[in-house]
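So the structure is just underneath, and the comments pick up after that.
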Amino acid sequence: MPIICIETVYTIIWKGVKVMLRKVFAVSMVLVLVLGACGEGKEETVSRGLLSRDEIEHMESLYFADTDAALEGLGLSKEDLENYGSSTSAGSYLLKAPRSIGGEYFRQAVLTSIAAPEGLFGMNFRATFNDQEEAESARDALRDVAAELYGEPVYPGTERWKAGELTELSLHYFGSEDYSEDGAYLYIVDLEYRIPSVIDGRRLSGDEMAELVREVQEKRKQ
C-alpha cells in the first residue's frame, strides 16, 4: 500500500476547500445582485432620473410653502438659484445644477405661484437638443419609463401621469423659436411635476387646489 505523507493530504484538502470557497463566494455575489435588484435599487434603475416616490411625497409636503421655506425644505438656498429675485417667468426659478434624466442633462426649475394660493406648486425639467431624432428618441424613452413607473396616462392619448397623490407628471416635446449659437434649430423635451389644475375634465379654482393640498398634508401628519 502506497504511503501518502501528511503534507500531501493537507495539500489535497486545501485545494478542495479553496474550490468550495470560490463557489460559495460566487453564489453569494449572485444573491447580493439579485436582492439588490429586488429592493430600492430597482426603482432607481427603472426611474432613470425621474423623481422617486420619496422625492415626490416630500415635494408634496411643501406644496404652497413660500419660496424661502420651499427652498429650505428642498435642501436648497438662494445661492443654488441662477435667478433668485428675477424669475425667468412668473414664479419660475432656475437651479444652477442640472439633473441627469435618461442619460441627458435637464435644467431644473422650482415652480412657485405668484397668484392665490401662493407658494410652491411643482418642478420643471427641460433638455435642449440640436438633433431632432436625438430629441425624439429621448422623449420616447422617457414616455416608456413614465408608463412603467406611473401606469396608464390620466387621460387616454395624453402624456400626463398621476405620479403622486397630489402630483401629475406631464411630458412635452416641441421645437423652439430660439436657435443655437451655430444657427441650428433647437428641440426641447420638457418634464413637469405639479399640482394638477384640471381633474376629471374640470378646472379647479385656486381655493379648491389649496383645500385639496391641505387635506392630504393634514392626513399625512396624523
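The values are calculated or read from the model by the stated rules, or taken from the named source; none is laboratory data. Source: prediction; values computed, not measured. Cβ sites come from the backbone with ideal geometry, for glycine too, and all protein chains shown count toward neighbours. The area values use the complete protein model at the heavy-atom level, side chains included, leaving out ligands, DNA and RNA. Shrake-Rupley method; radii C 1.70, N 1.55, O 1.52, S 1.80 Å.
Looking only at the stretch 114-140, residues that are among the hydroxyl-bearing types (S, T, Y) and without any contact (Cβ under 8 Å) to a residue 40 or more places away in the chain come to 1 in all. Annotation: R202 fulfils all but one of (1) within 15 Å of G102 (Cβ to Cβ); (2) without any contact (Cβ under 8 Å) to a residue 40 or more places away in the chain; (3) open to solvent by 70 Å² or more (accessible area, probe 1.4 Å); the unmet one is (1). Does the stretch 103-119 contain any residue that is assigned to a strand (DSSP E or B), open to solvent by 60 Å² or more (accessible area, probe 1.4 Å), out of contact with any helix residue (DSSP H, G or I) (no Cβ under 8 Å at 6 or more places or on another chain) and modelled with pLDDT under 90? No, there is no match, as no residue in the stretch 103-119 is assigned to a strand (DSSP E or B), open to solvent by 60 Å² or more (accessible area, probe 1.4 Å), out of contact with any helix residue (DSSP H, G or I) (no Cβ under 8 Å at 6 or more places or on another chain) and modelled with pLDDT under 90. Checking each residue in the stretch 187-199 for being surrounded by 13 or more Cβ atoms within 10 Å (Cβ to Cβ), part of a strand (DSSP E or B) and hydrophobic (A, V, I, L, M, F, W, C) picks out I188, V189, L191, I199.
Is at least one residue of the stretch 152-172 farther than 19 Å from P196 by Cβ and either crowded, with 20+ Cβ neighbours inside 10 Å or among the aromatic types (F, W, Y) (or both)? No, the conditions are met nowhere in the stretch 152-172. All conditions but one from (1) in contact (Cβ under 8 Å) with a residue 24 or more places away in the chain; (2) in contact with a Leu (Cβ under 7 Å, 6 or more places away or on another chain); (3) assigned to a strand (DSSP E or B) apply to A146; the one that does not is (3). Residues of the stretch 110-121 include none that is under 18 Å from the mean Cα position of the chain (by Cα) and either among the charged types (D, E, K, R) or farther than 19 Å from S52 by Cα (or both). For the structure I just gave you, tell me whether L166 is modelled with pLDDT of 95 or more, under 18 Å from the mean Cα position of the chain (by Cα), in a loop (DSSP other than H, G, I, E, B) and not hydroxyl-bearing (S, T, Y). Criteria met by L166. Pairing residues of the stretch 55-70 that are within 8 Å of G119 (Cα to Cα) with residues that are part of a helix (DSSP H, G or I), at Cβ distances under 7 Å and at least 6 apart in sequence or on separate chains, gives Y63/V213; F64/A210; F64/V213; A65/G73.
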